[in-house]
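Following: one structure in structure tokens, then a few remarks.
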Amino acid sequence: MMLRIERVLNAEKLEKIRAILDGAEWVDGNETSGHQSRNAKRNRQVKQGTEAGQRAGQIVIEALGQAGDFVAAALPLKVFPPLFNRYAEGEAFGAHVDNSIRRLAGSDFRIRSDLSATLFLADPASYDGGELVVEDLFGEHQVKLNAGDLVLYPASSVHRVMPVTRGERTACFFWLQSMVRDDSAREHLYRLDRTVRLLSTERGASDLAVLELTNLYHNLMRRWADA
Ligand code: NI
């Protein structure tokens, strides 16, 4: 499932993160690369483990917790600390796959990456190129979103970032382990959750059909989720 979540960050939070990133220490993006993606990647990243990265990441994590659609769609169990990257003119990230298991250097923290997320931080009018391209069996999906919007996509997909041809593309990216490992099961739950919310708005939360569907949702969660 690929999903766009709009306005994860409001203007105030965007401003805060941009100010933090302007004063951050940027290093070669290959700091976090697996060996397959090393050749393909040309960009910069905020140095992992630095205070600036952690502060900006904390703002993102808090915003994600308030983004109802993100929580409903991703059903997050563990979120890898968000990272920040920047592509200047001529920089790109060729076709690659993300590692299945991500370990946080210097700690016991590790996750199975079920979902990848990119949170766009730059105004799309301020740069050309830089589209995230995600491949599936249908073909390619090009994604370039407003600042503050996020795309959620299966970490299992081959993907790339097109060369930036003008300006700079700044984004936040992270992986997460979902309570529901299977992508299609997670999509069923998300669709059911949306339906229940819609029906609940029309009929009220105590309506019998709403109650039965809510029960079905939770019983499917019991069947499919790890908590
Ligand atoms: Ni990637």
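The values are calculated or read from the model by the stated rules, or taken from the named source; none is laboratory data. These figures come from a predicted structure and were not determined experimentally. When we count neighbours, we look across all protein chains shown, and the Cβ atoms used for this are built from the backbone with ideal geometry, even at glycine.
Going by the structure shown, is ALA67 surrounded by fewer than 20 Cβ atoms within 10 Å (Cβ to Cβ) and of a type outside the set (S, T, N, Q)? Taking the combined requirement at face value, the residue satisfies it.
Scanning the stretch 123-149 for residues that are of a type outside the set (Val, Ile, Thr) and touching a Ser or Thr at 6+ places or on another chain (Cβ under 7 Å) yields ASP128, GLY129, LEU132, GLU135, ASP136. Scanning the stretch 94-137 for residues that are touching a Pro at 6+ places or on another chain (Cβ under 9 Å) and over 26 Å from VAL71 (Cα atoms) returns GLY129, GLY130.
Evaluation of ASP123 against the conditions (1) touching a Gly at 6+ places or on another chain (Cβ under 8 Å); (2) more than 24 Å from SER156 (Cβ to Cβ); (3) away from the ligand (no atom under 16 Å from the Cβ) shows that the sole unmet condition is (1). For the stretch 12-32, a tally of residues being more than 11 Å from ILE59 (Cβ to Cβ) and either touching a Cys at 6+ places or on another chain (Cβ under 8 Å) or modelled with pLDDT under 95 (or both) returns 5.
Residue-wise test of (1) of a type in the set (Asp, Glu); (2) buried (at least 18 other Cβ atoms within 10 Å of the Cβ); (3) more than 11 Å from the ligand (Cβ to nearest atom).
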| residue | (1), (2), (3) |
| --- | --- |
| LYS78 | no, no, yes |
| GLY94 | no, no, no |
| ASN99 | no, no, no |
| ALA105 | no, no, yes |
| LEU115 | no, yes, yes |
| GLY130 | no, yes, yes |
| TYR153 | no, yes, no |
| ARG160 | no, yes, no |
| VAL164 | no, yes, yes |
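Only residues that are more than 14 Å from the chain's Cα centre (by Cα), of a type outside the set (A, V, I, L, M, F, W, C) and at negative phi were counted in the stretch 69-105, giving 10.
Strands (runs of 3 or more DSSP E) fully within the stretch 122-191 that include at least 2 residues being more than 20 Å from VAL8 (Cα to Cα), assigned by TED's automatic domain parsing to the domain that holds LEU9 and basic (Lys, Arg): none found.
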